[in-house]
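Below: one structure, written as structure tokens.
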Amino acid sequence: MAKVKNAFTMVKLISGAKTGYEKWFQIPRKTGKLNLILYDPRAKRHCLFTESKKRRIQEPPPKDYFRRHRV
């Protein structure tokens, strides 16, 4: 029996203020890396939260600005 992956994954975001505060979000697997500005109660201000754990994300195909025929 094949193992089925869930369409969503849990992501840990860590505060950029280096307070150690973290938030967890459930996001679709195919989304890119998260960077959000959220409130950090330890720093008592809004800070940039970045995704801490590395995830494998499908690379989008490169843009073809010259409209060449794809082989």
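The values are calculated or read from the model by the stated rules, or taken from the named source; none is laboratory data. A quick note: this is a predicted structure, and the numbers were derived from the prediction, not measured. Heads up, the Cβs are rebuilt from the backbone with ideal geometry, glycines too, and the neighbour counts pull from every protein chain shown.
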(message) basic (Lys, Arg), assigned to a loop (DSSP other than H, G, I, E, B) and at pLDDT 90 or above: which single residue out of ARG55, ARG42 fits that description?
(response) ARG42
(request) Hey, can you tell me all the residues within region 1-28 that are in contact with an Asp or Glu (Cβ under 7 Å, 6 or more places away or on another chain) and of a type in the set (Val, Ile, Thr)? (result) VAL11, ILE14, THR19
(message) Among the numbered criteria (1) touching a strand residue (DSSP E or B) at 6+ places or on another chain (Cβ under 7 Å); (2) not aliphatic (A, V, I, L, M); (3) not in a strand (DSSP E or B), which one does THR50 miss?
(response) (3)
(message) Could you tell me how many of the residues in region 1-23 are under 18 Å from ARG56 (Cα atoms), touching a strand residue (DSSP E or B) at 6+ places or on another chain (Cβ under 8 Å) and not polar (S, T, N, Q)?
(response) 6
(request) Among residues belonging to region 13-30 that are surrounded by 13 or more Cβ atoms within 10 Å (Cβ to Cβ) and within 15 Å of LYS54 (Cα to Cα), point out the one that is modelled with the lowest pLDDT. (result) ARG29
